[in-house]
Structures are given as structure tokens and as C-alpha cells.
1. Which residue pairs have Cβ atoms under 9 Å apart, sit 6 or more places apart or on different chains, and have a first residue in segment 25-48 that is farther than 13 Å from R12 by Cβ and a second that is assigned to a loop (DSSP other than H, G, I, E, B) and open to solvent by 60 Å² or more (accessible area, probe 1.4 Å)?
2. Would segment 50-67 turn up any residue that is modelled with pLDDT of 95 or more, under 30 Å from A9 (Cβ atoms) and hydrophobic (A, V, I, L, M, F, W, C)?
3. For segment 34-49, enumerate the residues that are of a type in the set (A, V, I, L, M) and either modelled with pLDDT of 95 or more or in contact with an Asp or Glu (Cβ under 9 Å, 6 or more places away or on another chain) (or both).
4. Within segment 15-67, considering only strands (runs of 3 or more DSSP E) that don't extend past its boundaries, which have at least 2 residues that are open to solvent by 80 Å² or more (accessible area, probe 1.4 Å)?
5. Does R73 satisfy the criteria of being surrounded by 12 or more Cβ atoms within 10 Å (Cβ to Cβ) and assigned to a strand (DSSP E or B)?
6. With the condition kept exactly as written, say whether any residue in segment 77-84 is surrounded by 12 or more Cβ atoms within 10 Å (Cβ to Cβ) and either outside any helix (DSSP H, G or I) or of a type in the set (A, V, I, L, M, F, W, C) (or both).
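The values are calculated or read from the model by the stated rules, or taken from the named source; none is laboratory data. Small disclaimer: the values here were computed from a predicted structure and weren't measured. Every residue, glycine as well, gets a Cβ built from its backbone with ideal geometry; the counts of neighbours run over all protein chains shown. These area figures cover heavy atoms from the full protein model, side chains too; ligands, DNA and RNA do not enter into them. Shrake-Rupley method; radii C 1.70, N 1.55, O 1.52, S 1.80 Å.
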Amino acid sequence: MRCIDVPDAPRRQCPGCFRTLAVNGNNFHADALCADGFTRKCADCRNAAERLRYRLEAPERARRVRERRAERRAYFESTGRYEAA
């Protein structure tokens, strides 16, 4: 049986946490705009950043939802297709 040299998986250092990880779908998110198809920051760093962004934007998001509901309610009341209970 022949042994074939299998190249090691490419590795990348995350600029957020400075860990060096194998570039694959378990460690980095997919990104079609990047040359190798994965994001620069590791999945853990991106997840933490998104959790923080989501928390900080929650009041603004809630305000937009309230405004949209009021607009839709006013529209349906004006067309006669909405009857409040």
C-alpha cells in the first residue's frame, strides 16, 4: 500500500483573538466575497460581536417594529379590512 502525502489544512490567525486555527467551516464562517471562501475572524469572535450588536440594537429594532405595526394598523383601518376586537 502506498502512502500519499496529504497537505495540511491551511491555517489562519484570527485578528480578534489571535488564535491560529484551521481554515474550515467549523472554525470560520463562510463568506463568498473572500478569496478562500471564509471570513477573516473566527466563528467565536464573530458570534460574540453579533451578540453584542444584537443587544445594543434591541431598542431601535423594537421601535421600528412598533412603528410598522402602527402604520399597518392605520392602513387596514382606513381600507375597512380591519376591525378591532
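1. From segment 25-48, the pairs are D44/R19.
2. yes
3. From segment 34-49, those of a type in the set (A, V, I, L, M) are 35, 43, 48-49; that's our starting set.
Scanning segment 34-49 gives A43, A48, A49.
4. Details: elements: 20-22, 28-30, 38-42.
Ranges flagged: 38-42.
5. Values: surrounded by 12 or more Cβ atoms within 10 Å (Cβ to Cβ): yes; assigned to a strand (DSSP E or B): no.
No, not satisfied.
6. Applying the first criterion (surrounded by 12 or more Cβ atoms within 10 Å (Cβ to Cβ)) to segment 77-84 yields 77, 82.
Keeping just the survivors that are either outside any helix (DSSP H, G or I) or of a type in the set (A, V, I, L, M, F, W, C) (or both) gives 82.
Yes, some residue in segment 77-84 is surrounded by 12 or more Cβ atoms within 10 Å (Cβ to Cβ) and either outside any helix (DSSP H, G or I) or of a type in the set (A, V, I, L, M, F, W, C) (or both).
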